[in-house]
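The values are calculated or read from the model by the stated rules, or taken from the named source; none is laboratory data. Owing to the predicted nature of the structure, the values given are computational and were not obtained by experimental measurement. Virtual Cβ from ideal backbone geometry, glycine too; neighbours counted across all protein chains shown.
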There are 2 protein chains.
Amino acid sequence: MAPRFTVRYFVRAADAAEAKARALDIALEQTVEIPRDVVPKGYVEDEILGRLETLEQAPDGRPGFLATISYSEDDVGGDFLQFLNIVFGNSSIKPGLKVEDIGLSPGILSLCKGPRHGITGLRARAGIGDIPLLMSAIKPVGLSTAALARLAHDFALGGMHYVKDDHGLVDQRTAPFSERLKACVEAVGEANAKSGGRTSFVPNITGPADAILERAKEAEAAGAGAVMIAPALAGYDVARMLAADPDFSLPIVAHPAFSGANVVSPDCGFSHRAFYGVLHRLMGADAVVFPNFGGRFGFTREECRSIAEACAVEMGGPKAGVPAPGGGVNFARVPEMRAVYGKDVMYLVGGALLQEPNLIDGCRRLAEAVYA
Amino acid sequence: MAPRFTVRYFVRAADAAEAKARALDIALEQTVEIPRDVVPKGYVEDEILGRLETLEQAPDGRPGFLATISYSEDDVGGDFLQFLNIVFGNSSIKPGLKVEDIGLSPGILSLCKGPRHGITGLRARAGIGDIPLLMSAIKPVGLSTAALARLAHDFALGGMHYVKDDHGLVDQRTAPFSERLKACVEAVGEANAKSGGRTSFVPNITGPADAILERAKEAEAAGAGAVMIAPALAGYDVARMLAADPDFSLPIVAHPAFSGANVVSPDCGFSHRAFYGVLHRLMGADAVVFPNFGGRFGFTREECRSIAEACAVEMGGPKAGVPAPGGGVNFARVPEMRAVYGKDVMYLVGGALLQEPNLIDGCRRLAEAVYA
């Protein structure tokens, strides 16, 4: 028998009998996807079929149960997308089910090496010790390459460790990808030469399906210090592949664009920690961007804390990533963010700095607030 | 000024003032993603910033409003993932917003050529006229290549027009991709030789990000008649690329694995028609698999009908695709499916046929029921 990994689901149900029936349906749906009475005896039934391991009332007052189901590594076939498909492929379409957590096994850990650099590597690249990382974003779309490069320069001079493209910057004619990449790497390099800093430029990697891996490599060749990818758009295997690719070596920042439906409803998708924490770490994201509590998105403090914890918790192999809360982060929020995230965090601040009369001073004030 | 495309959002709101504020937030969030007071004057504000075009009370009793926002083609930069990002990237993370519909523009239609074959091409390949298509799936995972090929043979002999891999079949050691592909194409070919039929085998295309396009081409070279892809896992540009790739020519069947959170909650994601209808057609899916009403998933009859309508409606260029409802489809459901879908549909029946004492007879009975 192959080792088994586990998925814990929240199952909305009125009572234990209904919960058990729904949980057994998940075990069937996620593996053999045929009626129970025609599941072939022997290997398919004994090994491939999902197995309900535990079922207990949800401890937090939600109207349902927690079901832990185990799945064979044999079912994964060395395919990360199939791993995700087993975790929640068809069952994602059934309301009242939510992936709460994932329990790994040796084969999954071997398939998913996790972040190549992790928080330690991101700090080393930035030349800093055991303190929070700072990231900002050049924007908006529609500015010229020169204007965006100037912003990158100023963010770097202001002491931001990572300066990323806005996730809406692609290959628009106002600032085409290759031109912008080159100009921003150069601008950040100039700022570093002035300041003695080690800021990295982080381009947004997107494009046609056959060009994405290539653009990531172009970014490395051009001197970028990391790349940003939106896994929910580009595909869930892209970051994992790049993180393990011998011809690529940059850290990967994951962006949550288009992923929201996976977490915002209490009645479907994933828990925040399972999605932005566990899955993104398995995908090889060194940093994971997500909306901070109290900003213009609806994540709670506890949901954000759970993501940060999942970025750092011992997983039996993968390095710790860094949570990068953003979205409405401003100076006033820094004290409560310090309280929630501690030092293992990357502050992602964009709009609030662009509102400052002097961008470079604004960055310095942000650093003072974070490191106070 | 570049042409603009539109997105209609459901916006949960207590009153018109709140709805307007939320709608203006969407226009900002999806384009410039900076505070309104620092949006640069001129091109960025006039062209790139989303524009609220109309706002009206939701006509269907839902607690909110419908906001139509227009976006410039300049913001898309020829990148389909960026198009999706504009439609719902960050706003997907805000509860109480739903994409109801998408209004296309010339540039989007030029970026997204739509299905290469469409329902007409799928019928021509199957050698049938203006009647429903029949598809089944070989499964479960864990069977040997020989056993799966035997199923493919029998489905073909029974008269199914398309025989697809279960979406859980990847490259497991019990039936590795290349071996299974070859064996199933051969088995279906044998059945066709016996019956004079024109059944196509449809392998499931997944794998590492750098292998997916290659596997699709391997499938074509090996004699497959179409390929199946799960866009929510593999990435949303894969099908679109293949549908336009001059070195590829097969029809594409889209599978909904992992996409469920995008539609099942009334409070986030997309309307069924926008997601499985409009977007999948823009992605180039010739056939789109989705859960039929009344089966083991929760889609309503009206939601299913809306998907079917969106597959066929005039879009200003893209061919009509075919809705492929599946998931718990059995003989008893055929009459009501005929009433809902009419003739422009592909019946996807798997488990119910595998429960039949004689698979070939079961397929023939299904065809009789569908064509009665």
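Show the residue pairs meeting these rules: Cβ distance below 6 Å; 6+ apart or different chains; first residue within the range B:202-227 and under 16 Å from residue B:243 (Cα atoms); second residue crowded, with 23+ Cβ neighbours inside 10 Å and among the polar types (S, T, N, Q).
Final answer for the pair search is B:225/B:200; B:226/B:200.
Going through the range B:36-57 one residue at a time, which ones are closer than 19 Å to residue B:73 by Cβ and within 30 Å of the chain's Cα centre (by Cα)?
Within the range B:36-57, B:48, B:49, B:50, B:51, B:52, B:53 qualify.
Would you be able to tell me the number of residues in the range B:104-115 that are buried (at least 17 other Cβ atoms within 10 Å of the Cβ) and of a type outside the set (A, V, I, L, M)?
Count: 5.
Conditions first: (1) hydrophobic (A, V, I, L, M, F, W, C); (2) modelled with pLDDT of 95 or more; (3) more than 13 Å from residue A:160 (Cα to Cα). Residue A:359 passes all but one, so which condition is the exception?
Result: residue A:359 fails condition (3) only.
Select from the range A:231-256 the residues that are under 10 Å from the mean Cα position of the chain (by Cα) and small (Gly, Ala, Ser) and write down the one among them that is nearest to residue A:8 (Cα to Cα).
Result: A:232.
In the set B:173, B:125, which member is basic (Lys, Arg), assigned by TED's automatic domain parsing to the domain that holds residue B:328 and either touching a helix residue (DSSP H, G or I) at 6+ places or on another chain (Cβ under 8 Å) or under 30 Å from residue A:303 (Cβ atoms) (or both)?
Being basic (Lys, Arg), assigned by TED's automatic domain parsing to the domain that holds residue B:328 and either touching a helix residue (DSSP H, G or I) at 6+ places or on another chain (Cβ under 8 Å) or under 30 Å from residue A:303 (Cβ atoms) (or both) holds for just one of B:173, B:125, which is B:173.
Residue under question is residue A:174, and the condition is that it be assigned to a loop (DSSP other than H, G, I, E, B), surrounded by fewer than 23 Cβ atoms within 10 Å (Cβ to Cβ), among the β-branched types (Val, Ile, Thr) and within 13 Å of another protein chain (Cβ to nearest Cβ); does it hold?
For residue A:174, the condition - assigned to a loop (DSSP other than H, G, I, E, B), surrounded by fewer than 23 Cβ atoms within 10 Å (Cβ to Cβ), among the β-branched types (Val, Ile, Thr) and within 13 Å of another protein chain (Cβ to nearest Cβ) - is met.
Taking residue A:274, is it within 13 Å of chain B (Cβ to nearest Cβ), within 26 Å of residue B:80 (Cα to Cα), part of a helix (DSSP H, G or I) and of a type in the set (A, V, I, L, M, F, W, C)?
Spelling it out, it is not the case that residue A:274 is within 13 Å of chain B (Cβ to nearest Cβ), within 26 Å of residue B:80 (Cα to Cα), part of a helix (DSSP H, G or I) and of a type in the set (A, V, I, L, M, F, W, C).
Taking the range B:120-157, which residues are among the hydroxyl-bearing types (Ser, Thr, Tyr) and either in a helix (DSSP H, G or I) or modelled with pLDDT under 95 (or both)?
If the condition is that a residue be among the hydroxyl-bearing types (Ser, Thr, Tyr) and either in a helix (DSSP H, G or I) or modelled with pLDDT under 95 (or both), then B:120, B:145 are the ones that fit.
Among A:93, A:102, which is in contact with a Ser or Thr (Cβ under 8 Å, 6 or more places away or on another chain), without any contact (Cβ under 8 Å) to a residue 60 or more places away in the chain and over 19 Å from residue B:209 (Cβ atoms)?
One residue alone meets the criteria, A:93.
Quick one: is residue B:165 within 13 Å of another protein chain (Cβ to nearest Cβ), surrounded by 22 or more Cβ atoms within 10 Å (Cβ to Cβ), charged (D, E, K, R) and in contact with a strand residue (DSSP E or B) (Cβ under 6 Å, 6 or more places away or on another chain)?
Yes.
How many residues are buried (at least 19 other Cβ atoms within 10 Å of the Cβ) and under 22 Å from the mean Cα position of the chain (by Cα) if we restrict to the range A:341-371?
Qualifying residue count, the range A:341-371: 9.
Give the residues of the range A:244-271 that are more than 9 Å from chain B (Cβ to nearest Cβ) and either touching a His at 6+ places or on another chain (Cβ under 9 Å) or closer than 18 Å to residue A:164 by Cα (or both), sorted by residue number.
A:249, A:250, A:251, A:252, A:253, A:254 - these are the residues of the range A:244-271 that are more than 9 Å from chain B (Cβ to nearest Cβ) and either touching a His at 6+ places or on another chain (Cβ under 9 Å) or closer than 18 Å to residue A:164 by Cα (or both).
From the list B:136, B:72, B:92, which residue is within 18 Å of the chain's Cα centre (by Cα), among the polar types (S, T, N, Q) and crowded, with 23+ Cβ neighbours inside 10 Å?
None of the others qualify; the one that does is B:136.
Would you confirm whether any residue within the range A:258-267 is in contact with a strand residue (DSSP E or B) (Cβ under 6 Å, 6 or more places away or on another chain) and closer than 11 Å to residue A:310 by Cβ?
No, the range A:258-267 contains no residue that is in contact with a strand residue (DSSP E or B) (Cβ under 6 Å, 6 or more places away or on another chain) and closer than 11 Å to residue A:310 by Cβ.
Output yes when any residue across the range B:279-295 is within 8 Å of chain A (Cβ to nearest Cβ), crowded, with 23+ Cβ neighbours inside 10 Å and among the acidic types (Asp, Glu), and no when none is.
There is no residue in the range B:279-295 that is within 8 Å of chain A (Cβ to nearest Cβ), crowded, with 23+ Cβ neighbours inside 10 Å and among the acidic types (Asp, Glu).
For residue A:27, work out the one condition from (1) more than 26 Å from residue B:229 (Cβ to Cβ); (2) within 14 Å of chain B (Cβ to nearest Cβ); (3) in contact with a Leu (Cβ under 6 Å, 6 or more places away or on another chain) it doesn't fulfil.
(1)
Among the candidates B:90, B:85, single out the residue that is in contact with an Asp or Glu (Cβ under 6 Å, 6 or more places away or on another chain), facing chain A (nearest Cβ under 9 Å) and polar (S, T, N, Q).
Within the list B:90, B:85, the selection yields B:90.
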